[in-house]
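Okay, structure first, notes after.
Nothing in this text is a laboratory measurement; each read-out follows from the coordinates by a stated rule. As the structure is a prediction and not an experimental result, all values here were calculated from the model. Here the Cβ is made from the backbone with ideal geometry for all residues, glycine too, and neighbour counts use every protein chain on show.
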Amino acid sequence: MVFEHELIPESGAIKVVHRVTFSGMLSFLLGTMLVKQLNHGLPVTLASLKRLAEGAA
């Protein structure tokens, strides 16, 4: 499982792009098991990342 974050300056704000990539023989199983946790926790995490990036800009 690989997490990627991309911060893109856009009209005085920061656009946050997040990617999760699963690989390997059981990647379909891992993705299925984690999708609920990722969907619940990611919005909070990405909002914090955006806030920190905009404060540092």
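For region 36-43, the Karplus equation 6.51 cos²θ - 1.76 cosθ + 1.60, evaluated at θ = phi - 60°, returns couplings of 5, 5, 5, 5, 7, x, 5, x Hz by residue, with Gly and Pro reported as x. In the chain, the calculated helix contribution to ellipticity at 222 nm averages -19000 deg cm²/dmol per residue, counting -39,500 (n - 2.57) for every DSSP H run with n ≥ 4.
Here the extension length gained between Arg19 and Gln37 equals 5.0 nm, from 0.36 nm per residue of separation less the Cα-Cα distance.
Look at the alpha carbon pairs under 8 Å that are at least 6 residues apart: their mean separation over the length of region 2-56 gives a relative contact order of 34 percent. Pop the C-beta distance of Glu4 and Phe28 into the FRET formula with R0 = 30 Å and round what comes out to the nearest 0.05. Working from the Cβ atoms, E equals 0.95.
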